[in-house]
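Only one structure is covered here, and it is reproduced in the block below.
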Amino acid sequence: MYLSDREKEILLFSTLPCKEMSKRLYITVSTINTHVTNMLNRNPELINRHGILIKAIQEGLINPNDVITE
């Protein structure tokens with residue numbers, strides 16, 4: 001699985017609603033959706049950003065302790 005630095009950053013906030021993610025990352029909801037769509041297109045076996053997050057954690061791309069939950 002490949003993730004850009006920005007995609008990793010988005011996944012770190014992926015437990016939050018998109019609107020909250022956009023505020024914290026200083027990007028639009030549309031930009032978040034574009035990144036998520038790109039990740040899903042590269043990993044068609046996954047169905048949502050939470051699935052991508054789980055796979056990224058399993059593959060060691062993201063440290064679960066770094067995930068923002070509030």
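The values are calculated or read from the model by the stated rules, or taken from the named source; none is laboratory data. Everything numeric in this text was worked out from a predicted model, so none of it was measured. All Cβ positions, even for glycine, are placed from backbone atoms using ideal geometry, and neighbour counts span all protein chains on display. In case anyone asks, the SASA skips ligands and DNA or RNA and just uses the protein heavy atoms, side chains included. Shrake-Rupley method; radii C 1.70, N 1.55, O 1.52, S 1.80 Å.
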*Does the range 17-35 include one or more residues that are under 14 Å from residue 2 (Cα atoms), modelled with pLDDT of 95 or more and buried (at least 16 other Cβ atoms within 10 Å of the Cβ)?*
yes
*Kindly indicate whether any position in the range 36-47 is in a loop (DSSP other than H, G, I, E, B), touching a His at 6+ places or on another chain (Cβ under 7 Å) and open to solvent by less than 60 Å² (accessible area, probe 1.4 Å).*
no
*Just need a number here: residues in the range 6-30 that are in a helix (DSSP H, G or I) and under 17 Å from residue 60 (Cα atoms).*
7
_Looking at residue 70 and the list (1) at pLDDT below 95; (2) under 11 Å from the mean Cα position of the chain (by Cα), which single condition is not satisfied?_
(2)
